[in-house]
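Shown below is the structure under consideration.
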Amino acid sequence: MSIDCTNIQSPGLLVFPEKVKENIAYVLSLVGGDANRLRPHIKTHKTKEVNDLLLATGITKFKCATIAEAELLALSHAPSILLSMQASGPYIYRLVELVKTYPQSRFACLIDDFHAAEAISTIFQSHGINIDVFIDINVGMNRTGIRPALAATLIQQIKSLPAITISGLHAYDGHIRDLNLEDRKLHVQTDFVEFEALVQAISSEFPDLELCVGGTPSFLVHHQNPAYVCSPGTFVFFDAGYAALYPENSLEPALYIISRIISKPSKTTICLDLGHKSVAAENTIENRVRFIDRPEFILVSQSEEHGIVEVPDSDVFEIGQEFYMIPYHVCPTVALHANLQVIENNQLAGIWEVKARNRKINI
């Protein structure tokens, strides 16, 4: 890469807006340009600028994981915002404030429990406002949601609760990431049999429910079903973890890590300013970064601010020399940084604040 790094900070994240736009265009192309079939998850980027790029293409529906992310969307006047959490405790009151403060946006949250639904209903009713809910369906990830066979009973229990409206079904299948696309298709078909049976069972009473499904890996399967609204998120920036799951010349990395040599401790090692605080460390050491143009580099250890890299010969490198990497898991990596450094025409063109990395913006 031939970037002018004079004023670029490291460790840091470099974002390439044109590549972000290309990734958005690719995902839109797979749903035939129908923006209504997309509800992108913004947990990956957490920035107003990417929200605005998505809105500019005609996308009006979004998914998010936190109140801060929901408010960030509302600040861009996003028409439809789904909080992919079952609101509880103080979250319910914060959700009430969002609905009251940003009337131009329509908010929804997930439900998989009757008592949780009762609590939401009671609090929203006391404020004289309504909230949409999506029934969260467990299709095999076993993280949240109710099994499809039990969901019809829950729907009957909550359908008459005041101040809430059942607007959709939600099914996230983050466990489906088979390397082979045909295996992935079969996995989706198997795990969604009960989901489809539920849809059919309640279709006469609820004919217009939104069916919000999937993430980035299963998007290559779900986009083929016109009844589904797909909610990938990682696609805007992409990462090394998902690179093997997509065909060449489709999604491309739009965000890179920049790091510099700060020491050369031995003939075969260099030390970068690349510690746990700059790249997601939930995976094993070999699955944290992929060096661009340096396949011989091996990250062997990290501490808070340092990363030790095994190299053939450290003498050929200089202190301060820059290197670029693709994160293995981009979502938590972005959350570690206060801003993204914007690169246009190989130059630093500004910054995008990662505003929703904080748990609170205003509400």
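Rounding to the nearest 20 debye, state how big the charge dipole of the stretch 203-299 is about its Cα centre with +1 on each Lys and Arg Cβ and -1 on each Asp and Glu Cβ. Please report the intermediate quantities before stating the final value.
Details: 7 positive and 11 negative charges, 161 e Å.
Charge dipole of the stretch 203-299: 780 debye, to the nearest 20.
What is the packing order of peptides 249-257, 291-299, 332-340, taking the mean over residues of other C-beta atoms within 10 Å and listing the highest first? The partial results should precede the final answer.
Values: 249-257: 20.4, 291-299: 13.8, 332-340: 18.9.
Those peptides, ordered most packed to least, come out 249-257, 332-340, 291-299.
Between residue 52 and residue 300, what FRET efficiency follows from the Cβ-Cβ distance if R0 is 51 Å, with the result rounded to 0.05? Write down the numbers at each step before the final one.
Details: r = 40 Å, r/R0 = 0.79.
Approximately 0.80, to the nearest 0.05.
About its Cα centre, how strong a charge dipole does the stretch 31-82 have in debye, to the nearest 20, once Lys and Arg get +1 and Asp and Glu get -1 at the Cβ? Spell out each step's value before the answer.
Values: 7 positive and 5 negative charges, 37 e Å.
About 180 debye.
Please go through the residue pairs 43/185; 63/360; 61/355; 46/159; 63/277; 19/277 and name each one whose alpha carbons sit more than 23 Å apart in this structure. Could you put the intermediate results ahead of the total?
Numbers: 43/185 25 Å; 63/360 17 Å; 61/355 20 Å; 46/159 33 Å; 63/277 27 Å; 19/277 26 Å.
Listed pairs above 23 Å: 43/185; 46/159; 63/277; 19/277.
Continuing with the same structure: Looking only at Cα atoms, what is the convex hull volume of the chain per residue, in Å³?
Values: hull volume 49.6 nm³, N = 363.
So the per-residue hull volume is 137 Å³.
Hey, how many Å between the Cα centroid of the stretch 300-339 and the Cα centroid of the stretch 1-71?
After rounding, the separation between the Cα centres reads 24 Å.
Among 14, 30, 1, whose Cα lies farthest out toward the positive end of the dipole of the stretch 1-50, if unit charges sit on the beta carbon of Lys, Arg (+1) and Asp, Glu (-1)?
30
Cα centroids of the stretch 98-121 and the stretch 174-188: how far apart, whole angstrom?
With the stretch 98-121 and the stretch 174-188 each reduced to a Cα centre, they are spaced 32 Å.
Given a 1.4 Å probe, how much area per residue of the chain is accessible, in Å²?
Values: 15410 Å² over 363 residues.
Using a 1.4 Å probe on heavy atoms only, each residue of the chain averages 42 Å².
Still on this structure: Per residue of the stretch 209-221, what does 6.51 cos²θ - 1.76 cosθ + 1.60 with θ = phi - 60° give for ³J(HN,Hα)? Whole Hz please, x for Gly and Pro, Karplus curve as stated.
5, 6, 9, 9, 9, x, x, 5, x, 7, 4, 5, 9
With the crude spin-label approximation of a point 7 Å out along Cα→Cβ, what separation in nm comes out for residue 197 versus residue 319?
According to this spin-label approximation, the distance is 6.8 nm.
For residue 285 and residue 4, FRET efficiency with R0 = 35 Å and r from the beta-carbon atoms, rounded to 0.05? Before the final figure, lay out the partial values.
Values: r = 31 Å, r/R0 = 0.89.
Between residue 4 and residue 285 the formula returns 0.65.
Going by average Cβ density within 10 Å per residue, which order do the peptides 200-207, 268-275 take, highest to lowest?
Details: 200-207: 12.0, 268-275: 20.1.
The packing order, highest mean first, is 268-275, 200-207.
Could you sort the peptides 229-235, 84-90 by per-residue average Cβ neighbour count (10 Å cutoff), highest mean leading? Intermediate values should be presented prior to the final figure.
Working: 229-235: 23.9, 84-90: 16.7.
Ranking, from highest mean packing down: 229-235, 84-90.
Okay, helix-only estimate at 222 nm for the chain: each DSSP H run of n ≥ 4 adds -39500 (n - 2.57), divide by all residues, round to 500 deg cm²/dmol; what do you get? Kindly include the intermediate steps, with their values, before the conclusion.
Working: 11 runs with 105 residues, N = 363.
So the helix-based figure for the chain works out to -8500 deg cm²/dmol.
Among 166, 122, 156, whose Cα sits farthest toward the positive end of the charge dipole of the stretch 75-220 (+1 at Cβ of Lys/Arg, -1 at Cβ of Asp/Glu, about the Cα centre)?
122
A further question follows. For the stretch 258-355, what % of the accessible area comes from carbon and sulfur atoms, probe 1.4 Å? Display every interim value, and only then the final one.
Details: 2300 of 4680 Å².
Carbon plus sulfur share of accessible area: 49 percent.
Identify, among 80, 295, 224, the residue whose Cα sits farthest towards the positive end of the charge dipole of the chain, taking +1 on the Cβ of Lys and Arg and -1 on the Cβ of Asp and Glu, with the dipole about the Cα centre.
The one lying farthest along the dipole's positive direction is 80.
Once you charge only the Cβ atoms, +1 for Lys and Arg and -1 for Asp and Glu, what is the size of the charge dipole of the chain about its Cα centre, to the nearest 20 debye? Please report the intermediate quantities before stating the final value.
On the way: 29 positive and 41 negative charges, 177 e Å.
Taking the Cα centre of the chain as origin, the dipole is about 840 debye.
The values are calculated or read from the model by the stated rules, or taken from the named source; none is laboratory data. Since this is a predicted model, take the numbers as computed values, not measurements. Every residue, glycine as well, gets a Cβ built from its backbone with ideal geometry; the counts of neighbours run over all protein chains shown. What goes into the accessible areas is simple: the full protein's heavy atoms, side chains included, and nothing from ligands, DNA or RNA. Shrake-Rupley method; radii C 1.70, N 1.55, O 1.52, S 1.80 Å.
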